[in-house]
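Participant: One structure, pasted below without further comment.
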Amino acid sequence: MRGIFNETTFRNALSETLIGAIVTHQIARGKEISDRLISKCISTYPVSWALADIQNYLNEGSFYHGLALIREAAEMANAKRRGKDILLEDPLAQIMYKNLVLEQEIKEKNLEVEKEAIGVSQ
């Protein structure tokens, strides 16, 4: 029974993290494309470039890209635990890392609250 619970918990956590990574990235990329479309005229931002941006946007919403974002954020978290700060070139990866850290802090705090509520000492 415990194994099934652990598998389900892991699967749910992975799904939530994967979907969150993809959605966060899609929102950021969508804003970039939208800003570019609004701020540039057709002579400096031709339709072919806009279509290429949209194609990239769609490709970056894939399962594989979401896994790559999660892997990069996890590598940063591991490096941070080892005392090394890695500066990523991709600002989205930095956001993903910060989200990962915040999610972990929230989980730890929730666990503390749950333990306190049921009277388990640490």
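Participant: Cut-off under 19 Å on the C-alpha distance; same-chain residues fewer than 8 positions from LYS40 excluded. Which lysines are left, in chain and number order?
Facilitator: Counting by Cα, and skipping residues close in sequence, LYS40 has these lysines nearby: LYS31.
Participant: Which trypsin sites (Lys or Arg not before Pro) in region 6-52 sit in a loop by DSSP (not H, G, I, E or B) and have at most 12 other Cβ atoms within 10 Å of their own Cβ?
Facilitator: Details: sites: ARG11, ARG29, LYS31, ARG36, LYS40; in loops: LYS40.
Qualifying residues, ordered by number: none.
Participant: Also, quick follow-up: Can you tell me the alpha carbon radius of gyration of region 26-82 divided by the globular rule-of-thumb value 2.2 N^0.38 Å?
Facilitator: Here the Cα radius of gyration is 1.51 times the empirical estimate.
The numbers here are math on the coordinates, done by the rules we state, and not lab data. Keep in mind it's a predicted model, so treat the numbers as computed, not measured. All Cβ positions, glycine included, derive from the backbone under ideal geometry; neighbour counts span all protein chains shown.
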